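Visitor: My structure is below; once you've seen it, I'll send some questions.
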Amino acid sequence: MEKIAIASDHAGRELKDDLIEYLSSIGFEPVDMGVNSDKSVDYPDYGIPLAEKVSVGEISRGILVCGTGIGMSILANKFRGVRAALVNDVYTAKMAKEHNDANILVIGGRVVGKGIAREMLKTWISAVFEGGRHQRRLDKIAEIEKKCGDAD
Ligand code: RB5
């Protein structure tokens, strides 16, 4: 059973918990990395540990949820090898995998409802990266990471 990590802040907790239930129902093993209360927290405290796991290859895919999805996207894309995509519709969720090979799906818990979030998740999980010209484009982005890492 493939593990998929999922984390949120307080604004995304309700949607996170629904997506955990959904992941189990479609045969995945969700790894719940919090938060597990409605108390206000800082989204980086939950997003960073998940993005680190994906960055080092400890887990291949993850889902992040905050109020808008913006903060989680900003932080996740700081990590080497992470391609986090903020999605609000099913078409974008499909393209996030087919063209961008996104390894983290980011959703705004205050933006989209549970139904559309489940559809986006199902679409992203089952889509396949097309490679080819899209890989060439991702390679150009990966070059930026190399340059940033070389700073001395
Ligand atoms: C929390 O109020 C909110 O700012 C956070 O969930 C997120 O939307 C940040 O980008």
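The values are calculated or read from the model by the stated rules, or taken from the named source; none is laboratory data. Quick caveat, the model's predicted, so the values are computed rather than measured. In this analysis, Cβ positions are derived from the backbone assuming ideal geometry, glycine residues included, and neighbour counts consider all displayed protein chains. The area values use the complete protein model at the heavy-atom level, side chains included, leaving out ligands, DNA and RNA. Shrake-Rupley method; radii C 1.70, N 1.55, O 1.52, S 1.80 Å.
Visitor: Which distance in nm do the two modelled labels at E130 and D32 give, with both placed 7 Å along the Cα-to-Cβ direction?
Guide: Simple spin-label model gives 3.8 nm for this pair.
Visitor: Find out how many positive minus negative residues lie around A102, taking Lys and Arg as positive, Asp and Glu as negative, among other residues whose Cβ is under 11 Å from that of A102.
Guide: Net local charge, A102 excluded: +2.
Visitor: Rounded to the nearest 10 Å², what accessible area does E14 show when all protein chains are kept and the probe is 1.4 Å?
Guide: 110 Å²
Visitor: Sort the following peptides by mean Cβ neighbour count (other Cβ atoms within 10 Å, averaged over residues), highest first: 70-77, 5-12.
Guide: Top to bottom by mean Cβ count within 10 Å: 5-12, 70-77.
Visitor: Give me the Kirkwood hydrodynamic radius of the chain, using the inverse of the mean 1/r over all pairs of distinct Cα atoms, in Å to one decimal.
Guide: Taking the inverse mean of 1/r over all distinct Cα pairs, the chain comes out at 15.3 Å.
Visitor: Which percent of the accessible heavy-atom area of region 38-136 goes to carbon and sulfur, probe 1.4 angstrom?
Guide: Roughly 52 percent, rounded to a whole number.
Visitor: Still on this structure, I have one more. From the cross-link list K53/K147; K39/K146; K39/K114; K39/K147; K122/K147; K16/K140, which pairs have alpha carbons spaced over 31 Å apart?
Guide: K39/K146; K39/K147; K122/K147; K16/K140
Visitor: While we're looking at this one, here's another question. With every protein chain left in place, what is the accessible area per residue of the chain in square angstrom, probe 1.4 Å?
Guide: 51 Å²
Visitor: When Lys and Arg each count +1 and Asp and Glu each count -1, what net charge do the other residues less than 14 Å away from I48, Cβ to Cβ, add up to?
Guide: It works out to a net charge of -2.
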